[in-house]
Each structure stands twice: as C-alpha cells, then as structure tokens.
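A short write-up of the structure that comes next.
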Amino acid sequence: MSGPAASDGIHVVDTHYVQPLFDAAHLIVQDGRAAFVDCGTAHAVPRLLAALEAQGLGVDAVDWLLLTHVHLDHAGGAGQLLRALPRARVAVHPRGAPHLIDPRKLIDASIAVYGEENYRRLYGELLPIDASRVETTADGAMLALGGRSIEVLHTPGHALHHQAFFDRSAQVIFTGDTFGVAYGALAVDGHPFSVPTTSPTQFDPEQLLASIARVTASGAHTACLTHYGRIGELPRVGEDLARMVRRFTDTALAHAARPAAEARTAIRDGLRAVVLDEWRRLGATAPESLLEAWAGFDFDLNADGLMAWLARRAR
C-alpha cells in the first residue's frame, strides 16, 4: 500500500488513481500522531487506512488532512476519509473550503466533463465535510504535528486555491501540482524529470513561476509530489520547470489566432515537442512512446488549460 519506511517519518501511499505510480498521498508520522497530505479519490480511502495501520497507528492518531488543493485527484476522497478519522481536521486554502463543505458544484462540473458513469468509476462518491472540521489556512501559518512544525505556503498558478506544505523538521516540501508532475518512469539515470501542469481552469503563468521560485527558495532538500513521490535536485528541477512554463505559453500564443479546434491540436502537439526536447536535454534516450504513455494525459489537460488562459487574455 505504501512505500518503504522513511527515516524522516514520511511515507508515500500509492492511491492507484488511473494506474499505479501515478497519484500519491503522503503520510507523515511524528510522536505517535499522523497527518495525510492529499488523499486521492474516494476509492483510495482503504489504501490510506491500510498505510496507517502498517505504521502501527489507529484512526484516532490522525490530526490533519492537509490538502494542496481540491481537484478531485488530490481531494476527492476527503469526505470519505474524514468519516473514518474521528479526530482529524482538514487544512485547506480559503478558496477551496466551500467546495469541501458543499461539493455539489464539483460533482456537477465533473459529471459534465466525464459523464456520470466515468465520473463514478474515477472518483466514487464525494461526501460533504462538516464546517467545524474544516480549517482555512493563512499564508505562512504554522501547523503542529506532535513535535513537528509544518508551514503553509500559498502557491497559486496551477489553481488560485493551491498551497504547499513545508515540513521544516524534515526539510521536505509537499508541492501538490506546483512543482509539476515527475513520474518515475521518465527519470533519466536517477535524475527526476518534471513537467509543468497548466490544466484548466485557473492556470496563470506569472503566478506559477513565482510559486515554483518559492518552492526552490524554501530551503527544502526534497519535494514530495502528488504525481509522483519524492524528488531531489530542486534548484535544477525548478529551473527546468520555469523554462518549460515560458515555452508552453509561447507555444500557446503562437497559435492563439487560429480557430479553436485547430489551436488546441496545434498547442497539444507543440507542448509534446517542448517536453520531448527538454527530456532529451536531460539525457533521455528512451523511445518517445514512453513519454506519451506517461505524459499524454497531461499534454491534453495542459492544452485545455492554455486554451482557457488564452480565452481569459482575450477578454
């Protein structure tokens, strides 16, 4: 259910969203107390509880569910999980809190995109969370977990309600989607390869660039990504991500005047070319099909997000 025991008390839990090694929650254990960072979908809840049990902890040991944002691959199971964790509270950005308390808008929007059957298959049942268990965060706030201090960093760019959590004790930062997606299969000789995520509907390049810089300036030596797991080399990865964000927006702007369907196809193809070029720059020699197999879904989402960004710019 979870990765090998870590000396810093941080454990990767594979939520099995879409496929293995694609979407992670993280379990932090300190002084007999625990916190989850993100939780995946409702289908992942048994995996999270099993990971907790594997550390010799009961459900009453969990103090926090720390959500980087409320997109369903990160927070869709929050309501289900909170029903199993009697003492836990949810820490969420103020903009995300209303969607946890009343998830109807998230449900309706997701069904509109995926259809009822696919929505249920991917995400299960979203349950509301009582407002008394939802704690909204301020930028720079400090959360306690046993003797461990965790700092909240608001990191917009991927979404307006995005935040990261900096575990000062372990010098580990949990970045959600701010620091891109770095699937292990795309690493090059052990060096992580991360791709920016510009998915709809709130992508903002200047905010994302500032948030990437904030992650690299935090002092953390390791980032824990929802997609997927622990990575190092933060200064180099941050530089690569910033360059790709700029190349992504340049690609979108180059096709902005085309009809929407043509523009979307051209942007998707352009993003793929950029990422392939950056992967080769890192030294990758694996076939292009491997990149498409792992990042193809992200190319589609990123193209849609850039189309939404272009539409906002045109207003």
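Derivation of every value follows stated rules applied to the coordinates shown; laboratory data play no part. The shown structure was predicted, so the numbers you read here are calculated from the model rather than taken from an experiment. Don't worry about glycine lacking a Cβ; one is built from the backbone with ideal geometry, like all the others, and counts go over all protein chains shown.
Figures for the structure shown
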item	result
Estimated FRET transfer efficiency (ALA138, THR285; beta-carbon r; R0 41 Å; 0.05)	0.30
Pairwise label distance in nanometres, ARG312 with ASP8, each label 7 Å out on the Cα-Cβ vector	3.1 nm
Residue-count net charge about ARG83 - beta-carbon cut-off 14 Å; Lys, Arg +1, Asp, Glu -1	0
Degrees separating the helix 234-254 axis from the principal Cα axis of the chain, which is the longest one	40 degrees
Karplus-derived HN-Hα couplings along region 167-181 (A = 6.51, B = -1.76, C = 1.60, θ = phi - 60°), whole Hz, x at Gly and Pro	7, 5, 5, 8, 6, 10, 10, 9, 9, x, 10, 5, 9, x, 10
Simple label model, 7 Å out from Cα along Cβ direction - ALA273 to ARG121, nm	3.4 nm
Largest-first ellipsoid semi-axes for the chain, taking √(5λ) over the Cα gyration tensor eigenvalues, angstrom	30, 22, 18
For THR222, residues with placed amide H under 5 Å, excluding near neighbours	ILE173
3J(HN,Hα) from dihedral phi, region 40-48, Karplus parametrisation 6.51/-1.76/1.60, rounded to Hz, x for glycine, proline	x, 8, 4, 5, 7, 4, x, 5, 5
Nonlocal amide H pairs with HIS255, under 5 Å, H built at 1.01 Å	none
GNM flexibility winner over the chain from LEU126, LEU290, LEU153 (Cα, springs under 10 Å)	LEU290
Environment charge of GLY283, counting only residues whose C-beta is closer than 14 Å and scoring Lys/Arg +1, Asp/Glu -1	-2
Distance in nm between pseudo-label sites at ALA210 and LEU253 (7 Å out along the Cβ direction from Cα)	1.9 nm
Potential lengthening between LEU57 and VAL188 on full extension [0.36 nm per residue; Cα-Cα distance subtracted]	43.5 nm
Anisotropy class of region 10-146 from Cα gyration tensor, a/c 1.5 cut	oblate
For region 14-26, 3J(HN,Hα) per residue [Karplus equation, 6.51 cos²θ - 1.76 cosθ + 1.60, θ = phi - 60°, Hz, x = Gly/Pro]	6, 7, 6, 6, 6, 6, x, 6, 10, 9, 10, 9, 10
Gyration tensor verdict on region 83-209 (Cα atoms; rounded if a/c is under 1.5, prolate if a/b is larger than b/c, oblate otherwise)	oblate
Whole-Å distance, taken between Cα centres, linking region 182-199 and region 86-149	27 Å
Cα gyration tensor category, rounded, prolate or oblate, for region 240-314 with a/c compared to 1.5	prolate
Amide H contacts under 5 Å for GLY229, placed H, 5+ residues apart	ALA24
